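The values are calculated or read from the model by the stated rules, or taken from the named source; none is laboratory data. All figures in this text were calculated on a predicted structure; none of them were measured in a lab. For neighbour counting, all protein chains shown are included, and Cβ atoms are generated from backbone atoms with ideal geometry for every residue, glycine included.
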Amino acid sequence: MSTSAPPLGPRPARTDRPGAAALRVLRALVSADRPATIAALSAELGGHPNTVRHQLEHLVETGFAEQSKLPGAGRGRPASAFTPTIAGRQVAVEDDDRDDQRGLLTAVATQLGQAPDPRRAALELGHAWGSNLGDPPGGLLGVLARQGFTPRPTPEGILLQTCPLLEVARRNPEVVCSIHQGLIDATSASPAELVPFATPGACLIRV
């Protein structure tokens, strides 16, 4: 039985958030950068293992984390390990006020689609957006992460695994993707080209 390939381009950015306690555990999970056990997270966060377990179960149920079993190292049940999903990585590092920006950018993108030269106007808007961010830590990757794109460096370039304006981008890619190109132009230390909907599950930035 054949399965269809995932669609080209990123997945939509999640707009819901874990509660404060679960978000704290999720951020520790993302910082670990490897499958983490309840014991390891409890030691890092200083909480009781049962409390950490409860938050992890909630993160798994809501799609922000995944659970797996570690290889057995002797008798007894193998320990569980947890890793963040793409959605978990997105919400753990993005700006807290991104939802407000999303609403504004959606309205602006709709208006730009009626401009005499929508692409040029969108590039200028994106460049102004990026310039107003100043010199944020982490360079381009940090900017993209905080704006909800869940970037992942690869040998081919930077994969953008989520998009905060995906629905609008599919309707009007010339405008929305040009806004994002302008943002990249303003915050990248090197020339970089955004290739929209380049691969299954992601857009691509060629640096």
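Listed values, structure above:
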read-out	value
Lone unmet requirement of (1) of a type outside the set (Phe, Trp, Tyr); (2) under 17 Å from the mean Cα position of the chain (by Cα); (3) closer than 17 Å to Ala13 by Cα for Ile205	(3)
In region 128-179, residue farthest from Pro12 (Cα to Cα) [restricted to those that are at pLDDT below 90 and acidic (Asp, Glu)]	Asp135
Residue list for region 22-62, restricted to those being in a helix (DSSP H, G or I) and of a type in the set (Lys, Arg)	Arg24, Arg27, Arg53
Test: residue in region 171-191 that is buried (at least 21 other Cβ atoms within 10 Å of the Cβ), closer than 15 Å to Val93 by Cβ and touching a residue at least 12 places away in the same chain (Cβ under 8 Å)	no
The listed residue being surrounded by 20 or more Cβ atoms within 10 Å (Cβ to Cβ) and in contact with a strand residue (DSSP E or B) (Cβ under 9 Å, 6 or more places away or on another chain), out of Leu160, Leu112, Leu166	Leu160
Any hit, region 63-84, residues being modelled with pLDDT of 95 or more and assigned to a helix (DSSP H, G or I)	no
